[in-house]
Amino acid sequence: VVVVVILSIFAGIMSLSVGSSESRKNRAFYEHLTDSLSYVRLLSAERMQPMGLRMQADKQGQVEPVIVTLSNPYVDSQPKNAMELSAKVAGLSGSTDEQKPMPSWKVESGVSLPELPTGVSIRVQNLDSNGLQSTGRTQTLQPWFSDQNVPQVLWFGTGQATPVTIEVPHDSRLVGEVITIMPDGSMRIGQGI
């Protein structure tokens, strides 16, 4: 009977150890994610380049968070008036049929996020349900900000960002607190907006 009691106590201690290692791994992922989001905000403002967080499937079909950057963000896509066109054509030598690079979202190799632990996911909810109209701005978004490939969390490179909340659940329980990205690009940890 004493041996059985000792073995059951040992088994209980081992299960607590395994459970706490899983929660430590989840908490480490959460802290790495918040640190990375702060870094991406600063990097986007420093480069004056749009960056974002997107959920992307890898080759095995697992959905992973990745940081993406808008390449060629300042390509002039507006039609030119006659005077601008004539000045441009006069200054060109050679072919006029060259292809202009178009803006596109590319995975940022300089910022890597850790692999999602088993049972952990990321939920992003947009706080600006009425688009830009609710903030009093009526600007027209460029096409690369309005198609379906745009990251869920987006820093515009001006210090501003899309207002969202990010939750990191593990089997329906939150790991850490809710992360709120404010319209000014700042990040708040906790429920309050």
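The values are calculated or read from the model by the stated rules, or taken from the named source; none is laboratory data. Note that the structure is a prediction, hence the values are computed from the model and not measured. Positions of Cβ are generated from backbone atoms using ideal geometry, with glycine treated the same way; all protein chains shown enter the neighbour counts. Each accessible area value is taken on the protein alone, full model and side chains, heavy atoms only, with ligands, DNA and RNA left out. Shrake-Rupley method; radii C 1.70, N 1.55, O 1.52, S 1.80 Å.
Within the range 92-110, none of the residues are over 24 Å from Ser36 (Cβ atoms), assigned to a loop (DSSP other than H, G, I, E, B), in contact with a Leu (Cβ under 9 Å, 6 or more places away or on another chain) and at pLDDT below 55.
The rows are residues; the columns are (1) open to solvent by 70 Å² or more (accessible area, probe 1.4 Å); (2) modelled with pLDDT of 85 or more; (3) within 25 Å of Val107 (Cβ to Cβ); (4) in contact with a Lys or Arg (Cβ under 6 Å, 6 or more places away or on another chain).
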| position | (1), (2), (3), (4) |
| --- | --- |
| Arg137 | yes, no, no, no |
| Phe156 | no, yes, yes, no |
| Val164 | no, yes, yes, no |
| Met182 | no, yes, no, no |
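Could you tell me which residue of the range 31-55 is least open to solvent (accessible area, probe 1.4 Å), considering only residues that are assigned to a helix (DSSP H, G or I) and touching an Asp or Glu at 6+ places or on another chain (Cβ under 9 Å)? Filtering the range 31-55 for residues that are assigned to a helix (DSSP H, G or I) and touching an Asp or Glu at 6+ places or on another chain (Cβ under 9 Å), the one least open to solvent (accessible area, probe 1.4 Å) comes out as Val40.
Number of residues in the range 166-177 that are open to solvent by less than 10 Å² (accessible area, probe 1.4 Å) and part of a loop (DSSP other than H, G, I, E, B) equals 1.
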